[in-house]
């Protein structure tokens, strides 16, 4: 009997060891696919253009250079664009988080008439693609009273402040889910202590809502950073990083290639350098805030 | 006038949503209705606004029957979404299960797998996938290196048992697009992972004491546990794929707008939206039948 037990134990040990190896291989494979473009970006961005057509060069370039990065920075007007994008981003995200939190709280904790109907609008906001409403929105800002707000950052700020920014519907939804799960006793206690609804929200509920606040803020930064569609409707110049990256190919043709019509293939190094420049800021943010992404989602009620 | 406490409290709700309400009426509902109206008009931009004449269903007719690309693109996007969504779901559930286990370097592995969340949208992804295709280093290229050969030989092996040619082709298509699939699974992995970690440890313990195998545990505890997220995840994947600004229907609509053909563009957008809405409705009704909710 003793020997029998031993065999079972060792079989378990073997199968768990095999599983560990298999798991490692699967994760390695999938992880490689994800990391691959980043490695490729770095590998391309620091090589001379002629290395691209050299068949002996696959990963490690023969001629290391910073000139490609420098040229791309110049074309994209990198630092200025980065600054502008940065301020636009942070501003929009803060406004969006606050407006969505307030709205989500309103939907979660008050039983006013027509709540279901109005919440239907939130669901619609999640479902309707931006493309459907883009042109009329353009017209609104084109003729905003006596002003023409096109190319003015205000046409990003105003919708964000009113809870109608990029993917605001989803964010209101997240906040509503979260506030619905908060105990009602918290509010009641605050009322008894003489807090009005507004003060209750800001002093009791909001400080407890850190996880969804963080999640929504981080996602909002990512989405605003990567957005080029909405900003291409409102801006006709290359005002944000995403926009100038989108148009990098044509910008390259105008500057480096002097108006010649060249294929994407010849532009690869500059394009990859542009990608690297565009990814870098958000990647750095990600490295520092990585754990909040998961933590926030786990506790914000998005999953459940 | 004296209202009860509850009534007064309820009225305050309007105060909380009022900013959003005004905003959504001006920046969302109004444009939505307007674009719906545009789709029935011959619209031209004019100084001071849009002018146009009523055109009836002409624009819809144009979008469906006359436009050279729209219908092809529409079918292409629908097909792609239909076969990719289940795959993305399965892959992300599987990956989330792997990432929820304890092993060394787990934090690093998670960081890598969530990377697509921050990059996958927008022009960066476009350039990445476009460039790799143009230099021959595309997804197809290196997935051949990793999996397609293996898969093909496996298929050949199965062929003995009469698996049809089409299955082999489908498998190859999947292997070739593995890049696109993994890169679209970031948020889903995150959501599944959170759901798996929300399954109480006591459930796992009870299952172990009852002698459940890993297989039983997966089907009887884990899967029902992540059920509600399954629906959320599905809808997210679906909508993400449909509203992706890179997909060909979206690009076509954008092109039309660039040509100032607003009526046609609106009609196209509305047809597209109606199809998406119908698809989401039908499929969530089906999934909802199988989902177990602990509360409500």
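Values in this text are rule-based calculations from the coordinates and carry no lab data. What you see is a predicted model, and the numbers here were worked out from it, not measured in a lab. Heads up, the Cβs are rebuilt from the backbone with ideal geometry, glycines too, and the neighbour counts pull from every protein chain shown.
Brief remarks follow.
- Within segment A:168-278, the ratio Rg/Rh, alpha carbon atoms throughout and Rh by Kirkwood, equals 1.30.
- Sequence of B:272, A:229, B:73 once ranked by neighbouring C-beta atoms within 10 Å, starting from the fewest: B:73, A:229, B:272
- Inter-chain Cβ neighbour count for A:121-130, averaged per residue, equals 6 (cutoff 10 Å, partner chain atoms only).
- Convex hull volume per residue in cubic angstrom - Cα atoms of chain A: 233 Å³
- Shielding by partners - mean other protein chain Cβ count within 10 Å, residues of A:101-109: 5
- Exposure proxy ranking, count of Cβ atoms within 10 Å, fewest first, for A:128, A:198: A:198, A:128
- Extension gain (nm, one decimal) between residue A:23 and residue A:63, 0.36 nm per residue minus Cα-Cα: 10.6 nm
- Residues in segment B:252-276 that a label on residue B:64 would reach, taking backbone N under 17 Å of a point 7 Å out along Cα→Cβ: B:264-276
- If the Kirkwood radius is taken over C-alpha pairs of segment A:77-246, then at 25 °C and 0.890 mPa s the Stokes-Einstein diffusion coefficient equals 142 µm²/s.
- Point-to-point label distance, residue A:86-residue A:12, nm (Cα→Cβ direction, 7 Å offset): 5.5 nm
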